[in-house]
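Please treat every number below as a calculation from the coordinates, not as lab data. Keep in mind that this is a model prediction, so the values were computed, not measured. Note that each Cβ is placed from the backbone with ideal geometry, even for glycine, and that neighbours are counted across all protein chains shown.
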Amino acid sequence: MMSTQRKHRRTAASLVEFAFVAPLMLMFLLATFEYARFLFTLQLVNNAAREGARYAAVNTTTDTTASVQAYVDTYLAGQGATQYVGYTPSSNITVYLADPITGVNTGASWLNASWGNVIGVSISGTYQPIVPGMYFMTGSMTVTGTCLMTIEAN
């Protein structure tokens, strides 16, 4: 008879322990998912910028900035609008002729670039975490992916 009373008291103790530990574990799990979502966004943006730079470097005489932006947007796989606040391809994706040494936008048209010139594609936007404050993520962050590619075809 004594063992059944102890068993009930131990069950109550386990319930109290679970009440203290479960919220901490769920917060840790949520923070891990948030950080993974952030890393997913960084990888997606860098991959889309690289593909866009390759596409622009190959098609300097046949395409427009809007077509490169649309191409890059397809590599974002619809995640640009879901991961960035106020995302539009025309405002968040930049295609430019870059300085070969510094990589800075020269301001010249990339459409007339020739062999040896460098084309850059940059994707920038405001990333909004689902739960701000997890893993020291602030309310919003600017995430940028940039790729420079040398033209070797024209």
Quiz item: Given the C-alpha centroids of the range 32-50 and the range 79-154, what is the distance between them in whole angstrom?
Solution: 14 Å
Quiz item: Can you pull the percent of Cα pairs in the chain with separation above 23 Å?
Solution: 52 percent
Quiz prompt | Relative contact order of the chain, defined on C-alpha pairs under 8 angstrom at six or more residues apart (%) | solution = 25 percent
Practice problem: With unit charges on the beta carbon (Lys/Arg positive, Asp/Glu negative), name the residue among A70, S91, V143 whose Cα is farthest towards the positive pole of the charge dipole of the chain. | Solution: V143
Quiz item: Over all directions, what mean area does the Cα convex hull of the range 84-128 project, stated in square nanometres?
Solution: 3.6 nm²
